[in-house]
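Every number in this text was worked out from the coordinates using simple rules, so none of it is lab data. Being a predicted model, the structure only gives us computed values, none of them experimental. Heads up, the Cβs are rebuilt from the backbone with ideal geometry, glycines too, and the neighbour counts pull from every protein chain shown.
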Amino acid sequence: MISCQNLEAARVDCDYPGTRNTPALAKSSSCSGFTLIEIAFVLVIIGVLLGLGAELLPMLVKQSKLKEDRLMVKEAKTAIIGYALATGRLPYASTTINGSETTGILNGYLPWATLGIAGKDAYLTTLSYAVDSYLTSTTSVAQFKTHLAELINGTHAPDLFCDSGSLRVAFVVISGGENMRLDAPNDDNGDGIITMIDNNQFASPSATPTATYNDILETASLTYLYGLSP
Ligand SMILES: [Ca+2]
Ligand SMILES: [Ca+2]
């Protein structure tokens, strides 16, 4: 171990070889060595910074994943709307994760292969999807718009609702989020997926994550889709 006295002597030798007995000269020197106290101080600072990094990194990764997931669900919504405006109908859901729509199925997995998009979310779980039955069998954009109008004015009863029933929607696309499974109120019977057994009442697209809900949901309201239809 280097004592303070020895270190000071070393510092004097550093700038003025052969002048060990001239401390006054040493004090006015520009010697750039560190004392043990200075080194200890720097080590403490580095330790604190490493500790902060270890705490912040997982949080930043989590936030980044959530942001990526929201973007992927939004992109799926855009693809679904594009499909409707191109074909005059919304696709049925898929009963499996293979992404092909299954005729007659209204709740299940996103028919991502039919849409021509990637079907997994940022957590590598297949997206879920539900659709109003009255918008799946139309054969033109004009008829699709007529059916939207009938759902809006009540001529035909709508199937799907968000936000405790206050929002009538044409479809929902949902990521299970960080826990990789759908939560209530999207999944009512707790099997982690949406089927006809669940009650077609979904969360608000603006629902914030809680201890029991971390799904990411996007939807198109009937009026929004009506406004987009030419
Ligand atoms: Ca979830
Ligand atoms: Ca379910």
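Other residues whose C-beta falls under 15 angstrom from the C-beta of R70 contribute a net charge of -1, scoring Lys and Arg +1 and Asp and Glu -1. The GNM of the chain, with springs linking C-alpha atoms under 10 angstrom apart, assigns the highest mean-square fluctuation among D183, D191, D132 to D191.
Distance between the 7 Å Cα→Cβ label points at Q143 and A54: 6.5 nm.
On full extension, the segment bounded by M196 and T210 gains 2.5 nm, given 0.36 nm per residue less the C-alpha separation. Computed from point charges on the beta carbon alone (+1 for Lys and Arg, -1 for Asp and Glu), the dipole magnitude for the chain about its Cα centre is near 580 Debye.
How high is the FRET efficiency from A40 to S64, r the C-beta distance, R0 22 Å, rounded to 0.05? Can you show the working numbers first?
Values: r = 36 Å, r/R0 = 1.63.
According to the calculation, E is roughly 0.05.
Between the Cα long axis of helix 4-15 and the first principal axis of the chain there is an angle of about 80°, rounded to the nearest 10.
Think of it as helices only: each DSSP H run of n ≥ 4 in the chain is worth -39500 (n - 2.57), and spread over all residues that comes to -13500 deg cm²/dmol at 222 nm. From the Cα gyration tensor of the range 174-223, with a ≥ b ≥ c the square roots of its eigenvalues, which class applies: rounded if a/c is under 1.5, or else prolate if a/b is larger than b/c, or else oblate? Oblate, because a/c is 1.5 or more while a/b does not exceed b/c.
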